[in-house]
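The values are calculated or read from the model by the stated rules, or taken from the named source; none is laboratory data. Quick caveat, the model's predicted, so the values are computed rather than measured. Here the Cβ is made from the backbone with ideal geometry for all residues, glycine too, and neighbour counts use every protein chain on show.
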Amino acid sequence: MKVALVGAGCEVLEPLVLEAGLSLVPAESGQQDVIITYGGDGTLLGTERDYPSLPKLAIRRHTNCRHCAIHKPEQVIRALAAQRLEASTLPKLEAYTGDQRLLGVNDIILHNTLVSSGVRFLVWINGKRYRPGEIVGDGLIVATPFGSTAYYRSITQSVIHTGIGLAFNNTTEPINHLVLREDEEIQVRITRGPGLLTADNHPHPISLECDDEVRIAIAPESAHILMADSLRCPNCKKLRSPSEPSLDQADFPRAVASR
């Protein structure tokens, strides 16, 4: 199996990959069977954007967390080599505005551009107007179940396990969030901008002005993630105290010994 490593400091994983009997190839080569991302959610999302459809395995950077027994990098990479990792197919969201398209694994975000001025917009769900008047606020978030643990949860204090989550961000009037079916579509028309449209952590949002329209729905593409719970594991998020062994010594015994 050919593996590419992506993420700042990912070279610390190289000895573990080779020791497991896997081959290392550059991500740019296009020859990899699996991409291992080393970092956090942002690294995984950026890698999926750059190399869509390829299976990915996410490993948290050791300086940010304590790896639990299940998610220790050495153990996970050995399981990858033995083809014992469960693969999950995650839905993606697509957003169209004009001839521009964005894809997101986590969410699609529509946000006001100016912190001093809210964005005004109208919403339709499956062609039916949602609420009679304009919605005024900081925008909205449309999330997948995988992405609902991020921005969507910070607004709704909830997560979803199926369908599409629609949350309204800091609106002038309280508006409850919605959970829609996967086959439903959201349409938005800007009635006063400026606004921004982005997907996940995309570095180049699309500018929106008055009368611009956005269509958001489940995309035909999917993301393929191995051990998809690795970035959501609460036991992997606890930082070590200064009195505990260093992360290199505890989590990368062979990698450190070989460097």
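Mind listing whichever residues of the range 126-166 are part of a strand (DSSP E or B) and within 16 Å of Gly104 (Cα to Cα)? The answer is Leu140, Ile141, Val142, Ala143, Ile164, Gly165, Leu166.
Which one of Glu134, Glu173 is touching a Leu at 6+ places or on another chain (Cβ under 8 Å) and among the charged types (D, E, K, R)? Show your work before the answer.
On the way: Glu173 fails: touching a Leu at 6+ places or on another chain (Cβ under 8 Å).
Exactly one residue qualifies, and that residue is Glu134.
Residues in the range 7-35 that are crowded, with 17+ Cβ neighbours inside 10 Å and within 16 Å of Asn64 (Cβ to Cβ): Gly7, Cys10, Val12, Leu13.
Taking the range 212-237 only, how many residues are surrounded by 15 or more Cβ atoms within 10 Å (Cβ to Cβ), not in a strand (DSSP E or B) and not hydrophobic (A, V, I, L, M, F, W, C)?
Of the residues in that region, 2 qualify.
Scanning the range 157-181 for residues that are more than 24 Å from Leu208 (Cα to Cα), out of contact with any helix residue (DSSP H, G or I) (no Cβ under 8 Å at 6 or more places or on another chain) and among the β-branched types (Val, Ile, Thr) turns up Thr162, Val179. Contact annotation: residue pairs with Cβ atoms under 7 Å, 6 or more positions apart or on different chains, pairing a residue in the range 5-29 that is in the same structural domain as Gly46 (by TED's automatic domain parsing) with a partner that is in a strand (DSSP E or B) and loosely packed, with under 14 Cβ neighbours inside 10 Å, are Ser23/Lys2; Val25/Lys2. Taken together, Arg66, Arg49 contain a single residue that is of a type in the set (Lys, Arg) and part of a helix (DSSP H, G or I), which is Arg49. Of all the criteria given as (1) modelled with pLDDT under 95; (2) under 16 Å from Gly104 (Cα atoms); (3) in contact with a His (Cβ under 6 Å, 6 or more places away or on another chain), the one not satisfied by Asn201 is (3).
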